[in-house]
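A quick write-up on the structure given underneath.
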Amino acid sequence: MADTASDWIERSRSGDAAATVALDEALYAQLKGIAEGHVGRNPAHSLSATALVHEAVLRLLGSGRTPESRAHLLALGALKMQAVLVDHARRRQADKRGGGLAAITLGAADDVSVGDAQAFLDLQVAIEALEREDERAARAVVHSYFGGMNAEESALALQVSVATVERDLAFGRAFLRRRLGS
């Protein structure tokens with residue numbers, strides 16, 4: 001997707017309908033893989049990976065924003081998936097149905113995991129606090145977690161160096177661990 005996505009984006013921006021369709025399909029496939037990682041590990045989860053992706057893609061397409069690059073596309077997808085998951089967790093809490101959200105981590109080495117809707121909302125509050133403290137670090141965490149982006153992709157989206165993203169991720173993860181008491 002790396003080489004062809006950039007071509008599709010450029011052609012889509014020029015009005016090429018076939019490129020727009022190809023771009024949408026590539027976005028869907030990328031987000032579907034990420035969504036399966038978020039909700040697919042828990043068969044009791046009330047939101048399927050397909051539903052998560054459909055809602056995220058609808059929100060992304062409805063935003064009217066055309067991505068500028070593959071990294072920008074992934075960053076936008078990450079933000080939309082985050083919004084869908086947060087909205088879903090809030091609805092679950094409002095309905096008093098309890099947990100069941102997928103076990104989620106902020107990276108293989110991290111101890112921060114979310115096993116239910118309340119814990120997921122606690123994570124969202126912690127991310128919002130991180131955003132107030134260091135917006136770029138919060139965006140890097142969101143890119144990594146919700147978008148499945150690596151440091152290189154996040155660096156492109158944030159227009160900073162890979163080393164800066166790695167420092168931001170280290171800070172962001174430590175901040176979230178402290179906030180969540182892990």
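Some points to look at:
- Cβ-Cβ under 6 Å pairs, at least 6 apart or on other chains, the range 129-148 side closer than 14 Å to residue 78 by Cβ and free of Cβ contacts under 8 Å to residues at least 60 places away in the same chain, far side surrounded by fewer than 24 Cβ atoms within 10 Å (Cβ to Cβ) and of a type in the set (Asp, Glu): 138/131
- Residue match in the range 143-151 (condition: of a type outside the set (Phe, Trp, Tyr), outside any helix (DSSP H, G or I), within 18 Å of the chain's Cα centre (by Cα) and closer than 15 Å to residue 81 by Cβ): yes
- Residue, farthest from residue 84 (Cα to Cα), within the range 115-142, restricted to residues that are surrounded by fewer than 19 Cβ atoms within 10 Å (Cβ to Cβ) and aliphatic (A, V, I, L, M): 129
- Annotation note: of 15, 64, 33, 77, the sole residue that is small (Gly, Ala, Ser), modelled with pLDDT of 80 or more and not in a helix (DSSP H, G or I) is 15.
- Counted residues, the range 81-95 - those being assigned to a helix (DSSP H, G or I) and without any contact (Cβ under 8 Å) to a residue 40 or more places away in the chain: 9
The values are calculated or read from the model by the stated rules, or taken from the named source; none is laboratory data. No experiment lies behind these values; they were computed from the predicted model shown. Every residue, glycine as well, gets a Cβ built from its backbone with ideal geometry; the counts of neighbours run over all protein chains shown.
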